[in-house]
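Each value in this text was obtained by applying a stated rule to the coordinates, not by laboratory testing. Quick caveat, the model's predicted, so the values are computed rather than measured. Virtual Cβ from ideal backbone geometry, glycine too; neighbours counted across all protein chains shown.
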Amino acid sequence: MKRVLGIILGGGAGTRLYPLTKLRAKPAVPLAGKYRLIDIPVSNCINSDIVKIYVLTQFNSASLNRHINRTYNFSGFTEGFVEVLAAQQTPESANWFQGTADAVRQYLRVLLDWDVDQYVILSGDHLYRMDYRLFVERHRETGADITLSVVPIDEKRASDFGLMKIDRDGRIIDFSEKPKGDDLKKMQVDTSVLGLDPEQAKRSPYIASMGIYVFNKEILSDLLIKSPEKTDFGKEIIPASAKDYNVQAYLFDGYWEDIGTIESFYDANLALTRQPQPPFSFYHKEAPIYTRARYLPPTKLVDCHLTESMIGEGCILKSCRIHHSVLGVRSRVEEGCVIEDTLIMGSDFYEPFAERQSGRKRGIISLGIGRDTMVRRAIIDKNARIGENVKILNKDHVEESNRESEGFYIRNGIVVVLKNAVIADGTVI
């Protein structure tokens, strides 16, 4: 793996994850109470012995930069690094990244300086655990120019994805973007060719791209230079390459979730509380997920009733009931609160006791969730100040609403309280 360079695509403005991306880059969005999205692909790389990693991003990258600088510091005796490459003006290009391929093209001169054989190109907003060594080995064994990681898909979900057809050798020969009807039927393949047993192959006769690729160094350079008008890997560069290059499929048959929307992000986080076995586990001895070490104190619970929940470090919970929820670091929940089906991202700092007391006397709402508040099916972003006797329930079952001036949005029926928002005492949402 010393001959492999990792490239993580940080994504665009993250409009599908807005308002969580209002003040941060998409890869910097908090995950599972203590991690960030970027920790998933970076940890997969490190666990696969890929330790030269670039992260390409262009929107709100300050917090992402800070997280990476504080988290991933390799020994000076290795070539290992994790470094952000943000969009910038150069003599060759005065434009922002126009797509996934264009982002890599604009930094191609930096990437070509490394003496490597392959580039592993990854997405920054997926939740999965993968050993890229097996991915690269498959690429090398088949003599591929490009290899795509694919997931088996059943017929019910197939039309939501870009699908591929393969021949008996696993070579990709056709692409179709979200086909339906007869066009969908034409994209059926024998997934046993890629390693599924006959029963699994029958249940999942389609394959969809994960947006994860291995490119040979020279091939990537040639494709990006000779087709400057093509800006996207999945929709333009790779489909146009299938005829002239050996484009192979590598089957990944584990848990994989694209968490690029508010609903999928919410569902993926709360699925981590599932019993007895969540779809994705952070308790993996051989392949841990790394993140910043914060050295926080243990969580303090005072007369609380907790069921099917995950609680981050440094929280203070008093006489409350919490069910099927995820609470991030430094979360504070006061007496009489009921929290259900909710993701609370926590806080970046503690508010001293004296400051909280004097603030309440002056009518300032304290950091965290105030007493006798009820929250159900919501995402509470960092540093939010929720007053006392508040009800965040989406009582009118609204699907979509922009109430930014009031401190929240509603997306897919999920109430999203903004980072640093203040929700007054007695508010009903």
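Find how many whole Å separate the alpha carbon centroid of the range 180-236 from the alpha carbon centroid of the range 1-41. Value for the Cα centre distance between the two parts: 23 Å. Across the range 300-423, C-alpha contacts under 8 Å between residues 6 or more apart give a mean separation that, scaled by the residue count, equals a relative contact order of 18 percent. Taking Lys and Arg as +1 and Asp and Glu as -1, the other residues whose beta-carbon sits under 10 Å from that of GLY413 total -1. The relative contact order of the chain comes to 14 percent, based on Cα pairs under 8 Å that sit 6 or more residues apart. Within the straight-line cut-off of under 14 Å between alpha carbons, the aspartates and glutamates reachable from LYS217 are ASP113, ASP115, ASP117, ASP145, sequence neighbours fewer than 8 places apart in one chain being disregarded. Write down the Å³ per residue value for the convex hull defined by the alpha carbon atoms of the chain. Each residue corresponds to 166 Å³ of Cα convex hull volume.
Cβ crowding within 10 Å, taken as a proxy for footprinting-reagent exposure, orders HIS324, HIS67, HIS139, HIS397 from fewest neighbours to most as HIS397, HIS324, HIS67, HIS139. When shorter helices are ignored and each DSSP H run of at least 4 residues is given -39500 (n - 2.57), the per-residue value for the chain at 222 nm works out to -5500 deg cm²/dmol. Taking a 22 Å limit on the Cα-Cα distance, which of the listed pairs LYS26/LYS285; LYS34/LYS419; LYS156/LYS185; LYS300/LYS382; LYS26/LYS300 fall beyond it? Among LYS26/LYS285; LYS34/LYS419; LYS156/LYS185; LYS300/LYS382; LYS26/LYS300, the Cα-Cα distance tops 22 Å for LYS26/LYS285; LYS26/LYS300. Short-range pairs are left out: with C-alpha atoms under 8 Å and at least six residues apart, the relative contact order of the range 1-68 is 47 percent.
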